[in-house]
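Chemist: One structure, pasted below without further comment.
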Amino acid sequence: MSPVAVRGRRRRVRRPAGGGVQAALSEAMVDRLMWRTGFGPGESDRRRLRGLSLHAAVDRLMRAPQGPPQGPAAVRRDGGPVRPHESDVDLVLDWCDRMIRTRNPLVERLTLFWHRHFATSRDEVSPPQLMAQQNELFRRYADLAAFPTSNMRTLAYEVGEGPAVLRFLTGEDSTARRLNENYARELMELFCLGVTDAAGRPNYSEADVREAARAATGWRIDDANPDAPRAWFDPTRFDAAAKTVLGRTGAFGHRELVDVVLAHPSHAPFLVTKLWGEFIPDPPDPATLRDLARRYVREGLRLRPLVRRILTHPAMLASIREPNMIKPPVVYAIGMMRALGLGITDETLFYGLRDMGQPPYFPPTVAGWEGGAAWLNTNAAVARFALANRLLSASYAPLPGGEPEDVPAETPAQAVQRAHRAVGRPWLASGTRSSLTYYAAHAPTRSAYERTSRQRVLRALMLGGPDAQVM
Amino acid sequence: MAPARARAPLAALAAALGLAAWAGATPPEAGAARIEAGVYQDDPVRGVPALRRAVGPKGVRVISTYVTAGRLVDPGVLALARRSRARLMVSWMPDAGRDGARGPRLRQVARGAQARGLARLVRQVRGLRPAPILRPMPEPNTPWYGWSGTRAGNSAAAYRAAWTRVRRVVRGAGGRRVLLLWAPYARSVPEAPGNAIADYFPGAGQIDVVGASGYNFGRAGDLAWTDPDALFEDAYRQVTALAPKPFWIAETGTTARGGDPAAWIRRLGGLRATMPALRGVVWYDVRERAGDFRLARRATARAYRAFLARSAR
C-alpha cells in the first residue's frame, strides 16, 4: 500500500460577485422596489435602501410605522378642507391625499390591493361613510408593522360583516325567507376561490352558493348615525338550520361559512396568485406557487409572511433594465405628485384618475379593475399624458422647486439632465434619452421663453411618455 | 417551568380548533428540534480548545475538515474528534489539492479514478462515533472547483453520475454508517440554465442528509449584507423539496463588514422557526482574505453562546 499524505487541507471561501439574494440593491433596483410597493422612490429612499439586500430593504419597508401624514393636507379649490362625506370627489381626494402624504406607501398600496380585491363601489353604497369605514378596515390589515398577525380569515370575517359589503352585495336583504345569493357567490368566486381550480374543475356548485347564502343570512345595517354605521346580527332573520357547503355540513353562520371556504384547497393558490400579481407581472412558476400556498396555509393564512416572501422573491427584480409592469393609474398619478412635491389643491387628480380609468371607490364591476394591459387603452394613455402636463403647468399649483429657470448657456444634454432631476429622475430607456437629447438639440432656444418651454416639454415627456408608464 | 410546558398543549388545542394564527403565536422554537453546532478551523487541534472556552462545548459538537482525494484525515483531527466525542464532517475534494478548475473531471470520478483513496478514507472514519458525515464534492453549483458543473468538460449530469459512484464506493468500503451529505452552495454562481441547485440533485436514495453552505461577506463590492434567513431561505426550500431529509447548514459565517455580526448570529438562531428540518450548523471560524469570520470578538462570542444555549444540543 502506498504511503498516504495526511496533511489537512485549508478551506478558503470564495467571495462571489453580487447576485441573487446577496445582490446589493442598485438605484434601479431601489426604484423598482419603491414603485412596486409604493408610489415611486424619493431621494431619501434611494439613499437609505441602496446597497442593502432585497430582504433587508423589504424588512425595512414592512417594519416602518405609518406615522402621521407629512406635508400640508389636501384643500379644495376654495382653500377649505376636503369633506369626504359630503362629496364623492372629496371622498376620492381624501384617500389620494393619504397616499400622497403617507410615510409608509406600502400600507396604502396594500389598502388599494384590498379595495381592488373586495371591490365595493360608492355607486351602490350610501352613505359614503360606509366606504370610508371599509377603507379604514383595509388599512388596518394593510399595516403589517402595527398588525403583524393580519390574516385573511379575520379580514374575510370583517369584510363580510361590514356595512359596505352588506349594502353593495345586498346582504342586508338576505333572510331565511328571502335568500339573496350575491354575497355567497362573490365570497367564493371573487374573494376566496375563483370559479375553477388550476385543472379547470369548478370550485363550487350552484347548490354550494345557495347553501352558503343561507349561512350568510341575518345581517343588517344600522346607519341611523351615518358617521358611526354598524352591522348587526338579527337572529330572527337567520336561517339556523343545517347547511351543506363544499361538502361540509353544519348549522353554519357567516364565520363558519368563511372557515369552510378558506379551507378549500383552491383558496391558497387563488389568493397567492392574486397578491403576487399586484407586485410581479409574470405569474409564479408552479413550484413557487405551491411553496407559497403551502406556507400561507401552514402559517394560519397570515398575510405578513406571505407579502414578505413575494416581495423578496427574485422575480421582483426581473427585467430590471426594462421595467415590465404597467403602473396602475393611481400609482402613476400619486407617484407623479410625490415626485413633483405637489399636494391636492383642486379636483384635477379626481378627473385625471377618472379619465385614466381608476377612480378609487368606483370600481367598474364587482370584480374590480381588470388591470394589466387594459390600463393603457387609447383614451387612458392620452389621459395619462394630459395629467402629467396639467400637473406641470403653473395653473395647477406652483411647483415646490419653482418654475423652470432660464439657463442660457445650457447644452442639450444638460437640459435633459436638469429636467430629469426636476421630475425625480425616473427610469428612461437609452433610446428615450437619445430622443430627448435630440429634441433638446433641435428645439428653438433663441429666447428665454423658448428655453424654458423646452425645459417644460422635456419634463412633460419624461413624466407622461411611454417610459413613465412602466415600473 | 410550568407555563413553558403548558404552551405546547395550548398551541395544539388552538391548532385543532382552527385558530392557526393564534397557535402560530407561540415561540417558534418551542417545538423545533435542537441542532448540532460545529466548526471549521484551519488548525482545530489548537483552535478548538480555545473556541470551546469562548463559546462552550455545545459549539464544537461537530468538527469539520477538508480532505483532498487520495489523502486521509489528519490523525490529530481524528484524535480530537474521538477525544471530544465530536462528530467529524469530512468534505471530500476530488482534485489536485488546491481549489480551482483543475484536477480530474467528473466523468473520471464517475469512472472510479479516485475510488481507492476514497475507500481508504472511508475505512479510516467509518468507526467513529457519532457517525461521521461525508460531504463529497461540495458546492458543485459554483465555478470554483474541479467538480464544478460549469467547468469545461463537466456537467450536472456528470456530477450526478460521479455522486452515484462515490456512494457505491463509500458503501462498498463498509461505510454504511457514514452519512452522505449533499450540500450545494446557497445560490448558484452563475445563475444560469443547467446550473440550478436541482440540476445537481443525485436522488433521494443517494443521500442521507441534505444541506447548503453560504456566507455573509458583508457590504463588499456589489454584495449586500445578507441575513441568514435571506441567505438560506431559498436553498432550504429547494433542497428540502427535493429530499425531505435532515438539513444542515454545512458551513456558514459572517464578517463584520457593514453590519453587526452579533445580530446576524441572533437571526441565525431564528432559523429553526422557519426551517423545521434544520439539524446542524457548522461555523467557518477563519480569518482570511475574503473576511474575518472568526467568533473571536467578545460580543460575537456572546451572541454565539446565546444561540447555542437556545438552539443547540
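Chemist: Report yes if some residue within the range A:281-291 is aliphatic (A, V, I, L, M) and in contact (Cβ under 8 Å) with a residue 60 or more places away in the chain; otherwise report no. Walk me through how you get there before you give the answer.
Modeler: Initially, the range A:281-291 is screened for residues aliphatic (A, V, I, L, M), giving A:287, A:289.
Okay, now just the ones that are also in contact (Cβ under 8 Å) with a residue 60 or more places away in the chain, so none.
Scanning the range A:281-291 turns up no residue that is aliphatic (A, V, I, L, M) and in contact (Cβ under 8 Å) with a residue 60 or more places away in the chain.
Matching residues to (1) part of a helix (DSSP H, G or I); (2) without any contact (Cβ under 8 Å) to a residue 60 or more places away in the chain; (3) among the hydroxyl-bearing types (Ser, Thr, Tyr):
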site	(1), (2), (3)
B:Ala119	yes, yes, no
B:Leu134	no, yes, no
B:Ala157	yes, yes, no
B:Leu180	no, yes, no
B:Ala192	no, yes, no
B:Gly211	no, no, no
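Chemist: Tell me, which residue of the range B:186-215 that is closer than 15 Å to B:Ala230 by Cβ and in contact with a helix residue (DSSP H, G or I) (Cβ under 6 Å, 6 or more places away or on another chain) is nearest to the other protein chains (Cβ to nearest Cβ)?
Modeler: B:Arg187
Chemist: Restricting the first residue to the range A:350-375 and requiring it to be crowded, with 18+ Cβ neighbours inside 10 Å, which pairs with a second residue that is of a type in the set (Phe, Trp, Tyr) meet a Cβ separation below 7 Å and a spacing of at least six or different chains?
Modeler: Correct list of pairs: A:Gly357/A:Trp375; A:Gln358/A:Trp369; A:Pro359/A:Phe350; A:Pro360/A:Trp95; A:Pro363/A:Trp369.
Chemist: Among the numbered conditions (1) farther than 24 Å from A:Gly431 by Cβ; (2) within 27 Å of the chain's Cα centre (by Cα), tell me where A:Val407 comes up short.
Modeler: Exception for A:Val407: condition (2).
Chemist: Out of the residues in the range B:59-109 meeting the condition of being over 30 Å from B:Phe307 (Cβ atoms), open to solvent by less than 30 Å² (accessible area, probe 1.4 Å) and part of a helix (DSSP H, G or I), tell me which one is nearest to the other protein chains (Cβ to nearest Cβ).
Modeler: Here the answer is B:Val109.
Chemist: Condition first: surrounded by fewer than 19 Cβ atoms within 10 Å (Cβ to Cβ), within 14 Å of chain B (Cβ to nearest Cβ) and free of Cβ contacts under 8 Å to residues at least 24 places away in the same chain. Can you find one or more residues in the range A:21-31 that meet it?
Modeler: Checked the range A:21-31: at least one residue is surrounded by fewer than 19 Cβ atoms within 10 Å (Cβ to Cβ), within 14 Å of chain B (Cβ to nearest Cβ) and free of Cβ contacts under 8 Å to residues at least 24 places away in the same chain.
Chemist: Give A:Gly335, A:Gly341 a once-over and let me know the one that is touching a residue at least 60 places away in the same chain (Cβ under 8 Å), surrounded by fewer than 17 Cβ atoms within 10 Å (Cβ to Cβ) and in contact with a Gly (Cβ under 8 Å, 6 or more places away or on another chain).
Modeler: On inspection, the qualifying residue turns out to be A:Gly341.
Chemist: Further, regarding this structure: In the range A:190-236, which residues are over 23 Å from A:Phe118 (Cβ atoms) and not in a loop (DSSP other than H, G, I, E, B)?
Modeler: Hits for the range A:190-236 are A:Ala207, A:Pro235, A:Thr236.
Chemist: From the list A:Gly343, A:Gly335, A:Gly368, A:Gly300, exactly one residue is in a loop (DSSP other than H, G, I, E, B) and within 18 Å of the chain's Cα centre (by Cα). Which is it? Talk me through it step by step, then tell me what you get.
Modeler: Values: A:Gly343 fails: within 18 Å of the chain's Cα centre (by Cα); A:Gly335 fails: in a loop (DSSP other than H, G, I, E, B); A:Gly300 fails: within 18 Å of the chain's Cα centre (by Cα).
Exactly one of A:Gly343, A:Gly335, A:Gly368, A:Gly300 is in a loop (DSSP other than H, G, I, E, B) and within 18 Å of the chain's Cα centre (by Cα), namely A:Gly368.
Chemist: Taking the condition open to solvent by 10 Å² or more (accessible area, probe 1.4 Å) and more than 11 Å from chain A (Cβ to nearest Cβ), does B:Ala241 pass?
Modeler: no
Chemist: Of all residues in the range B:42-58, which are open to solvent by 30 Å² or more (accessible area, probe 1.4 Å) and in contact with a strand residue (DSSP E or B) (Cβ under 6 Å, 6 or more places away or on another chain)? Full working, then the answer.
Modeler: Filtering the range B:42-58 for residues open to solvent by 30 Å² or more (accessible area, probe 1.4 Å) gives B:42-43, B:45-46, B:49-50, B:52-54, B:57-58.
The one that is open to solvent by 30 Å² or more (accessible area, probe 1.4 Å) and in contact with a strand residue (DSSP E or B) (Cβ under 6 Å, 6 or more places away or on another chain): B:Lys58.
Chemist: Can you pull out every residue in the range A:33-59 that is within 20 Å of A:Met337 (Cβ to Cβ) and of a type outside the set (Asp, Glu)?
Modeler: Residues satisfying the conditions are A:Leu33, A:Met34, A:Trp35, A:Arg36, A:Thr37, A:Gly38, A:Phe39, A:Gly40, A:Pro41, A:Gly42, A:Ser44, A:Arg46.
Chemist: Further question: Could you check the range B:216-227 and list, in sequence order, the residues that are in a strand (DSSP E or B) and touching a Ser or Thr at 6+ places or on another chain (Cβ under 6 Å)?
Modeler: B:Asn216
Chemist: Identify the residue in the range A:142-183 that is aromatic (Phe, Trp, Tyr) and either surrounded by fewer than 23 Cβ atoms within 10 Å (Cβ to Cβ) or in contact with an Asp or Glu (Cβ under 8 Å, 6 or more places away or on another chain) (or both) and, among all such residues, is farthest from the other protein chains (Cβ to nearest Cβ).
Modeler: A:Phe168
Chemist: Hey, another quick one. Quick one: in the range A:107-134, which of the residues that are assigned to a helix (DSSP H, G or I) and open to solvent by 10 Å² or more (accessible area, probe 1.4 Å) is farthest from A:Glu161 (Cα to Cα)?
Modeler: Checked the range A:107-134; the qualifying residue farthest from A:Glu161 (Cα to Cα) is A:Asp123.
Chemist: Consider A:Tyr204 carefully, then state whether it is in the same structural domain as A:Arg290 (by TED's automatic domain parsing), in contact with a Leu (Cβ under 7 Å, 6 or more places away or on another chain) and either over 25 Å from A:Trp232 (Cα atoms) or open to solvent by 50 Å² or more (accessible area, probe 1.4 Å) (or both).
Modeler: yes
The values are calculated or read from the model by the stated rules, or taken from the named source; none is laboratory data. Just so it is clear, the structure is predicted and the values come from calculations on it, not from any experiment. Neighbour counts run over all protein chains shown; Cβ positions are idealised from the backbone, glycine included. Surface areas here come from the heavy atoms of the whole protein model, side chains and all, with no ligands, DNA or RNA. Shrake-Rupley method; radii C 1.70, N 1.55, O 1.52, S 1.80 Å.
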